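Structure, as structure tokens:
The values are calculated or read from the model by the stated rules, or taken from the named source; none is laboratory data. It should be emphasised that the depicted structure is a prediction, and the values quoted were computed from it without experimental measurement. So basically every Cβ, Gly included, is an ideal-geometry build from the backbone, and we count neighbours across all protein chains shown.
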Amino acid sequence: MLQKLKMASVVIAILFFLLSLLAVLQFYRFQTLLFEVNSSRISVPAQSLQSDVERSLAFGLPLQSNVQLRSMLENVIEKYPDIRSIQLLDSKVEPGKIFWQAGASVPEAESLSAILAHRQARKVMWFDSSHASNFIQVWSVRDPIGDTVADLILRVDNSEAKALLADARAHLIQYWLLLCGAALVFLAPVLVYLFLSLDRLIHSAGAILRGETPSSPDASRSEICDLATQVANSDRLDRAQGSACQPR
């Protein structure tokens, strides 16, 4: 009986592991989808602002003296309250120098690290979801000949996303506990019963092969016992034929 309980425990432990793996995969899938949604939501005003800045460069207006850019940044923040700050930084003459900014002030070192990560990603737009308090998106601003002359950095509040992730994590843990409890309550007795039934079948088949009467009449009517009966009858027939052929 103890051996059967051990086997059932192993099966249930494997099931718990599979349920845990499924829950983790679903959580990270939801997290990736949430970050993509936030990235797309930021991209709408960011791309429009990038186009406006590049259009001003096409008209020959230098970034450092175009006062209208400040009002453009402030209008975006006013229209999208989730955006905490917008910075337009030089990336050609004095890398890291702030041309214009709106919203909450950000340390220069943090802005430079965001630009460096953007450069390493080698993309026109780069989205960073690893920051604890902000989603950061960096866009390259190019002049009419295609050279990158500035970087547009947007920081968006991710408290709502963190709350959604925490809620999703709590619900996944709750469902995982319910599934594990259901497996423990319903599956464990079934496994023990199946193992005991299999054990009775094996003992009955062994008794038939040894020429004994099975202790369980119900088990003796199984296909395994029928096969064991055929083997035993064939073995007795072979022995009878062998003894008949021996010379007297």
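Quick check on residue 69: is it in a strand (DSSP E or B), at pLDDT 85 or above and either of a type outside the set (S, T, N, Q) or at negative phi (or both)? If you could, list the steps in order and put the result at the bottom.
Numbers: in a strand (DSSP E or B): no; at pLDDT 85 or above: yes; either of a type outside the set (S, T, N, Q) or at negative phi (or both): yes.
Here the answer is no, as residue 69 does not meet what is asked.
With the checklist (1) touching a residue at least 12 places away in the same chain (Cβ under 8 Å); (2) closer than 20 Å to residue 146 by Cα in hand, flag the one item residue 62 doesn't pass.
(1)
Which of the residues spanning the range 140-154 are small (Gly, Ala, Ser) and more than 22 Å from residue 106 (Cα to Cα)?
146
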